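Trainee: Encoded as structure tokens, here's the structure I'll be asking about.
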Amino acid sequence: MAYSTYLGGRSNEYAFEMRRLSLDRVAICGDTDSPDFPVTSSALSARIASRSADGYVLVLNPRAQGSAQLIYSSYFGGTFADYFYAMDVSDSGYLLLAGDTASDGLPTTPGAYSRVQGGGGDVFLLELDILAPPSAQVRYCTYIWAPDSESAFGVGYGPGGLIYVCGNAGFGGAGTSAFPITPGALTRSRVGDIASFFSILDPSRVGAAQLRYSTLLEGAGVDVCLGLDVDRTGIVDLFLTTTSPSLYATAGSYLASNPGRQGYDVVFAMRLDPSRLGADGVLYGSFFGGTFGATYLDGGLRLSDWSCSLVGTTSSIDLPTTPNAWRPSYIPGWDGFLSILDMLPTGVTSYGRSTPGCHGPSALTVRSMPRIGNPSFEIWSVATPPSAVGVLLLGDRSLVPPVDLFGTELFVDPSRRAFLALTQLSEARGVSIASFAIPAQSWLIGQTLYAQSLWFEATSPSPCPPLGLSASHALEIVLQR
């Protein structure tokens, strides 16, 4: 064992989230009701404020010795209970924390979305600069509330300093919604009794204008968003536990309907583009779980532009496992699970690798099944150079192994007669979308198409490609009935 330590005081502590700040420092957040929880001289708040619980955040350096390991530690809260459940770290080292609170009088910042507590438990967001003096550590703090009890379980930085947050939107009846919702939301009113929410806030705006996007996430059952992961283009993966029989599943996804029987909980993973209106923003959605027994999500992670990982706890006797599983069969009781979900629909497979550009590797993905008769089959180039010119290559034969083309790996054969090179222009956020109508011709079923994108870039500074050309990985697209 390389390192292990207790954290806490003489009462109760819970740790809910951890993030790496640097090679040798980690940040941890949770809640405590210990009056002697260890704090540092630089703490925002050195004393517990509530008789119930306060949030805490600390930074540890496990490589240091003894008491020097505690770099920063602070309480946070008001006169009632406060909990930190989620955290992210900015490129500048700021800590973004989210949770729920019953306290009024939190140190909200001027111009915040809401500076008042709404009653019950409310979501709150806090951005801290732990290197600043205590009086200047709070960079941003706001409530998000409805006249019920809400909690935040996932938070992350989006592009341009936007804040993405998801969680539980409280209780209510079908057809109602007291939680703040914006035009173009995926779901505007309740279908069931317990719903989730997903919101985007812009701290550079003032007051209510900070709410850039907000939607309910729910079906007819109990739905709780427990985590999110944002890419640099603003597309977000959302991870839920649900009992709903249907949600936002997309055609050709792994499981389009809830596999659980007798109201068991299962996992739902989805990919959302908030810049698109309503259901058009759902790029992928799938259930995951077994038929008998519950499956609860503890966390999710975006692995790539076509996959994500899920981790949690299950009592399901038939949770899907793969032939290469470390432990392929159920052991009676509650088991942990780790699963990797391919977020490409039936008929689409990724192969090859990206040749990175100035902003890192780009990727290709799709948002629907390549069915004959599909009037708008879209191929998305994501994480591209912003506002750049590129080429989408389409052909009927792949190149394996690839051919070198000005320092990139070319995976689509340009020598074939069935070859197209289509000009692309990427958006400022690094996304380009090509839309095609697939003819409703039965002879096309089983025909295979290969796709790859190339992008023209600067040749300096490093890590820009020396010859000014970058490339995505490739897709194999087999047309479906």
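Trainee: Given the stretch 84-146, what strands (runs of 3 or more DSSP E) lie entirely inside it while holding 2 or more residues that are modelled with pLDDT of 95 or more and of a type in the set (V, I, T)?
Mentor: 138-144
Trainee: Condition check: part of a strand (DSSP E or B) and among the hydrophobic types (A, V, I, L, M, F, W, C). Does L420 satisfy that?
Mentor: Judged against the criteria, L420 is a match.
Trainee: Given the structure, is S114 buried (at least 19 other Cβ atoms within 10 Å of the Cβ), farther than 20 Å from L238 by Cβ and either outside the structural domain of L277 (by TED's automatic domain parsing) or basic (K, R) (or both)?
Mentor: So S114 fits the description; yes.
Trainee: Let me ask something additional. Quick one: which of S214, S189 is in the same structural domain as G167 (by TED's automatic domain parsing) and farther than 25 Å from L301 by Cβ?
Mentor: S189
Trainee: Considering the stretch 456-481 alone, what residues qualify as being in a strand (DSSP E or B) and among the small types (G, A, S)?
Mentor: S470, A471, S472, A474
Trainee: Within the stretch 292-324, take every residue that is hydroxyl-bearing (S, T, Y) and part of a strand (DSSP E or B) and give me the one that is modelled with the lowest pLDDT.
Mentor: Within the stretch 292-324, the match that is modelled with the lowest pLDDT is S304.
Trainee: Just checking, does the stretch 313-322 include any residue being on the phi < 0 side of the Ramachandran plot, crowded, with 16+ Cβ neighbours inside 10 Å and within 17 Å of the chain's Cα centre (by Cα)?
Mentor: No, the stretch 313-322 has no match at all.
Trainee: Scan the stretch 393-414 residue by residue and report those that are among the charged types (D, E, K, R) and under 9 Å from Y450 (Cβ atoms).
Mentor: D396, R397, D413
Trainee: If you don't mind, there's one more thing I want to ask. Among the residues of the stretch 440-455, is there at least one that is in a loop (DSSP other than H, G, I, E, B), within 27 Å of N374 (Cα to Cα) and touching a strand residue (DSSP E or B) at 6+ places or on another chain (Cβ under 6 Å)?
Mentor: Taking every residue of the stretch 440-455 in turn, none turns out to be in a loop (DSSP other than H, G, I, E, B), within 27 Å of N374 (Cα to Cα) and touching a strand residue (DSSP E or B) at 6+ places or on another chain (Cβ under 6 Å).
Trainee: Would the stretch 331-344 turn up any residue that is closer than 25 Å to Y284 by Cα, touching a Pro at 6+ places or on another chain (Cβ under 7 Å) and assigned to a loop (DSSP other than H, G, I, E, B)?
Mentor: Within the stretch 331-344, not a single residue is closer than 25 Å to Y284 by Cα, touching a Pro at 6+ places or on another chain (Cβ under 7 Å) and assigned to a loop (DSSP other than H, G, I, E, B).
Trainee: If I go through the stretch 398-415 residue by residue, how many of them are surrounded by fewer than 21 Cβ atoms within 10 Å (Cβ to Cβ) and in a strand (DSSP E or B)?
Mentor: Going through the stretch 398-415 one residue at a time, the tally reaches 10.
Okay, residues lined up against (1) surrounded by 19 or more Cβ atoms within 10 Å (Cβ to Cβ); (2) free of Cβ contacts under 8 Å to residues at least 60 places away in the same chain:
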{"residue": "R353", "(1), (2)": "no, no"}
{"residue": "M369", "(1), (2)": "yes, no"}
{"residue": "D396", "(1), (2)": "no, yes"}
{"residue": "G430", "(1), (2)": "yes, no"}
{"residue": "Q441", "(1), (2)": "no, no"}
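Trainee: Right, here's the next one. Criterion first (at pLDDT 95 or above, under 15 Å from I340 (Cα atoms), over 19 Å from the mean Cα position of the chain (by Cα) and surrounded by 15 or more Cβ atoms within 10 Å (Cβ to Cβ)) does G289 satisfy it?
Mentor: Yes; evaluated as a whole, the condition is true for this residue.
Trainee: Name the residue that is nearest to N12 (Cα to Cα), counting only residues in the stretch 33-77 that are assigned to a loop (DSSP other than H, G, I, E, B) and touching a Lys or Arg at 6+ places or on another chain (Cβ under 7 Å).
Mentor: Per the criteria, the residue is S34.
The values are calculated or read from the model by the stated rules, or taken from the named source; none is laboratory data. Note that this is a predicted model, so its numbers are computed, not measured. Cβ: placed from backbone, ideal geometry, glycine included. Neighbour counts: every protein chain shown.
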